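Step one of this worksheet: look at the structure below.
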Amino acid sequence: MNIGYHRWWSRNLGQDMELKVYGHAGKPVVVFPSSGGRFYEYEDFGMVEACRPFIDAGAVTLFTLDSVDRQSWLNEGAPPAERARRHNDYDRYVVEEAAPFIRGQFPGASGFLTTGCSMGGYHSANFFFRHPDVFDAMIALSGVYKLTRFIGNAMDENIYFNTPLAYLPALSDPWYLDRYRRSRIVACVGQGAWEDEMVADTRDLQAILASKGIPAWIDFWGHDVNHDWPWWRRQMPYFLGHLDL
């Protein structure tokens, strides 16, 4: 497996940002870490190894990004509005810096697949729905799709437009909806330990997408399926094997 490491000073975040690349061909997959996680988390928790058959076959290349969650949504020392502004800095880093870097390596890609587990599931969905010109597929595992567990009921414009369960119901712009309908959307959640909030958010997301005629594979796994890495290591290759990438 080809593995690469990259680091550069982000003009949008004002700090160094790191990422790793696993693979040589296929669909570019942008991986967001879980809560406060780092760019090497996906490898450390065995997710890269779980995806190895698809990487070795040239079906996908993983780009595992760093996060700034502890400066944004998880920063309990900052008011919600400031956390949202910092997340928007991260949004610009992903779209204006990381995405062009990936596009430079895969100029022929139609779009990128975005994925992540837990809070990475939130990020993958939020980036997919906000930027369907960059991402044309998503696999969100055990994600939350609202921010109340981090910032309570606070809401302003920046928070609203980073809360899929808030902005999607009112979205009517065909530029977005047409792209969603042409994309491959997967949201999966277990129904075991620590998954109750994620189950509720996933059901809400399912209802919103259905109401707008957006095809999506919403998959609820069993009551023995917990919010934990062993299950995500099973889910990710399962969905990669069933998607036409």
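No value in this document is a laboratory result; all are computed from the given coordinates. Remember, predicted model here, so these are calculated numbers, not experimental data. Here the Cβ is made from the backbone with ideal geometry for all residues, glycine too, and neighbour counts use every protein chain on show.
If each residue of separation counts as 0.36 nm, what is the full-extension length gain between residue 7 and residue 223 once their alpha-carbon separation is subtracted? Please list the in-between numbers first.
On the way: separation 216, 0.36 × 216 = 77.76 nm, distance 4.07 nm.
The residue 7-residue 223 span can extend by a further 73.7 nm.
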Checklist entry - If exposed chymotrypsin sites (Phe, Trp or Tyr not before Pro) are those in a DSSP loop with at most 16 other Cβ within 10 Å, what is the longest stretch of the chain that has none? => result 41-160
Next on the checklist: What does DSSP give for the chain in terms of the percent of beta bridges that are antiparallel, rounded to the nearest 5?
Outcome noted: 35 percent
